[in-house]
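Q: Quick one: structure below, then a few questions.
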Amino acid sequence: MARLAGKVAIVTGCASGIGAATVRRLRADGAEVLGTDLDAVKGAALCAETGALFAVQDVSDRAAWPQIVARAVQTFGRLDILVNNAGMVSGAGIGDLDDDAMFAAWDKVLAVNLTGTMAGCRAAIAAMRDNQGGAKGAIINIASTTAIAPLPTDVGYSASKGAVRVLSKSVATWCAKAGLAIRCNTVIPGATQTGMIADAEQRMPGLIAAVAATSPLNRLADPSETAAAIAFLASDECPFMTGAEMLVDGAALAIHPGF
Ligand SMILES: NC(=O)c1ccc[n+]([C@@H]2O[C@H](COP(=O)([O-])OP(=O)(O)OC[C@H]3O[C@@H](n4cnc5c(N)ncnc54)[C@H](O)[C@@H]3O)[C@@H](O)[C@H]2O)c1
């Protein structure tokens, strides 16, 4: 039987990169999926191709989160998995912009990457508590190796991803102490071949080769490799794994920077 048969998932940021690969993987593993994205054209196309349902969503719009969760529950009857994947960069270091531009960039990236993830956790837990057969679910939040080794060129992105790591642990332990079988774990991707890094390469030529070289594998991850880690955490294979983190970084953070 498929690993995620009978399960219902929401994947944010489904139109591109890791989100698109995750929709493909969860569908292949048997889950029903509601994919969401700001990009209605690419998001709808990916979902149509994979047999997923699609909804337009700005994850930073907290008022819309209960409606997104309700859409999944009304369509598929329950919610088992939330992958908080949607994210953006701000592209500014601490002293790079004037105050107005700096705080606008900071507020935006925190709203999407951090508040959007928190709002998703809240809305998902409310639905997962009511699942038929008892409270159960798996939330997977997507951080970044910049949460551990931050980018001097993007203070907002790095700080938001650092906060996502701690957010996940707080959510995980709140659920555990409340006696809810709702797990929350973080996947920490390293450089991955997606639109986000292709855009960064446009701004900073040579970036892809430089970040590939930080991994002893000397390459970027394919988004399907990150999706494989997400699918494991979404499954029931390790109920004791909550409040944990999975690095998918080609050992970039496992090696001394001098080598
Ligand atoms: N690509 C990498 O090297 C890398 C490394 C570490 C972490 N990540 C993280 O992985 C996640 C996916 O990134 P990706 O590389 O696939 O990027 P991507 O740019 O290819 O895809 C991101 C998707 O999120 C959507 N999105 C952006 N803002 C949104 C919002 N407010 N509401 C809804 N959707 C929104 C975009 O439209 C896009 O489809 C992000 O959280 C990112 O920070 C990526």
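Only the coordinates and a few stated rules stand behind these numbers; no lab work does. Because the structure is a prediction, the values reported are computed rather than measured. Neighbour counts run over all protein chains shown; Cβ positions are idealised from the backbone, glycine included.
Q: Determine the principal axes of the Cα atoms in the chain, then give the extent along each, sorted from largest to smallest and rounded to whole angstroms.
A: 51, 40, 40
Q: Based on Cβ point charges of +1 for Lys and Arg and -1 for Asp and Glu, what charge dipole magnitude is obtained for segment 160-240 about its Cα centre, in debye rounded to the nearest 20?
A: 400 debye
Q: In whole Hz, with x marking every Gly and Pro, tabulate ³J(HN,Hα) for segment 3-20 from phi via Karplus 6.51 cos²θ - 1.76 cosθ + 1.60, θ = phi - 60°.
A: Once θ is set to phi - 60°, the couplings for segment 3-20 become 4, 10, 4, x, 9, 10, 10, 10, 10, 8, x, 7, 6, 8, x, 5, x, 4 Hz.
Q: A further question on this structure: For each of W106, W65, W174, count neighbouring Cβ atoms within 10 Å of the residue's Cβ, then give the residues from fewest to most.
A: W174, W106, W65
Q: Right, next: Treating only the Cβ of Lys, Arg, Asp and Glu as charged (+1, +1, -1, -1), what charge dipole size does the chain show about its Cα centre? Round to the nearest 20 debye.
A: Dipole size: approximately 900 debye.
Q: I need V11, V83 ordered by Cβ neighbour count within 10 Å, fewest first.
A: V83, V11
Q: Work out from phi, with θ = phi - 60° and the Karplus expression 6.51 cos²θ - 1.76 cosθ + 1.60, the ³J(HN,Hα) of each residue of segment 56-67, listed in order in whole Hz, and give x for Gly and Pro.
A: Going residue by residue, I get 6, 8, 9, 4, 7, 8, 5, 5, 7, 4, x, 5 Hz, with x marking Gly and Pro.
Q: From the cross-link list K42/K161; K136/K161; K108/K161, which pairs have alpha carbons spaced over 23 Å apart?
A: From the list (K42/K161; K136/K161; K108/K161), the Cα-Cα distance tops 23 Å for K42/K161; K136/K161.
Q: Which cross-chain or sequence-distant (5 or more) residues have an amide H under 5 Å from the amide H of I182, H modelled 1.01 Å from N in plane?
A: For I182, the qualifying residues are G137.
Q: Let me have the relative contact order for the chain, percent, based on Cα pairs under 8 Å that are six or more residues apart.
A: Relative contact order for the chain comes out at 19 percent.
Q: Rank the residues I230, I125, I208 as a footprinting-exposure proxy: fewest other Cβ atoms within 10 Å of their Cβ go first.
A: By the 10 Å Cβ count, ascending, the order reads I208, I125, I230.
Q: Right, another one. Considering the dipole of the chain built from charges on the beta carbon (Lys and Arg +1, Asp and Glu -1) around the Cα centre, which of I139, I255, A20 is farthest to its positive end?
A: With unit charges placed on the Cβ atoms, the residue in question is I139.
Q: On to the next question. Using θ = phi - 60° and the Karplus form 6.51 cos²θ - 1.76 cosθ + 1.60, what ³J(HN,Hα) does each residue of segment 96-113 get, whole Hz, x for Gly and Pro?
A: Values per residue, Gly and Pro as x: 7, 10, 6, 4, 4, 5, 5, 6, 5, 5, 4, 4, 5, 5, 5, 4, 7, 6 Hz.
Q: Which of these, A20, A126, A55, has the largest mean-square fluctuation under a Gaussian network model of the chain (Cα springs below 10 Å)?
A: In the Gaussian network model the winner is A126.
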